[in-house]
Amino acid sequence: MTFTRFFIFGGLILSFVCTGMRCDPKIRRKDPGKVIDYSGRWNDSDSQMVAAAVIEDCLASAWIDEYKNENNKRPVMVVGRVKNKSHEHIDTMFFTKEFEKALIKSGRVRVVAEKDMREDVRAERRDIQMNADSATIKKFGKEIGADFVLLGVVGTIKDEVKSRYVMYYQTDLELINIETNEKVWIGEKKLKKDIKKKSFKLF
């Protein structure tokens, strides 16, 4: 039997076995807080780690106290876009939600909805005007305007040789005063992963 026929024959046997019996995947539930890194690519643990580090630095910066002293109130923030300029697909929405959670939990700032969510809320408000009891109608023009917007970018550098490579991630964030365009805070977080590719052997 030739090498090619051997593989064809083996494939047919596997097909018959899977047809005759259920080949269900084996599922094991894990603690969501546990770091699991199979592929080496950016994952949920990286998003949480970066968000925690940069927001801690942002909230510890002098700009909050300076704003409070001048205005006698907490600053209002909106988390804008974090652009993905890396080699990988990174869910930046998950990333920005981590930012929002950390900011709200701190109690040091107020957070308003981002642009897309505001449009959804306004659509709901318009619907209420037509269909809700007059005593429960929510008025237009009562939204809280943000004082600052948080914008950022995630980039990567890949250094590869043979079966090993290093992936370097850098997240840069900037907090900008919406009225004056002044940058009141700039933060960054770096991650580096040393990844060894698995070698595939037939025998």
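Computed quantities for the displayed model
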quantity: Net +/- balance of residues flanking Val109 in space, Cβ distance below 12 Å, scoring K and R +1, D and E -1; calculated: +3
quantity: Set Lys85/Lys189; Lys83/Lys115; Lys68/Lys190 screened for pairs whose C-alpha atoms are more than 24 Å apart; calculated: Lys68/Lys190
quantity: Under 11 Å, Cβ to Cβ, from Val184 - net charge with Lys/Arg +1 and Asp/Glu -1; calculated: -3
quantity: Charge tally in the Cβ shell below 14 Å around Lys68, where Lys, Arg are +1 and Asp, Glu are -1, Lys68 excluded; calculated: 0
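Values in this text are rule-based calculations from the coordinates and carry no lab data. The structure presented is a predicted model; accordingly, all values stated were derived computationally and were not measured. Reconstructed Cβ throughout: ideal geometry from the backbone, glycine too, with neighbour counts over all protein chains shown.
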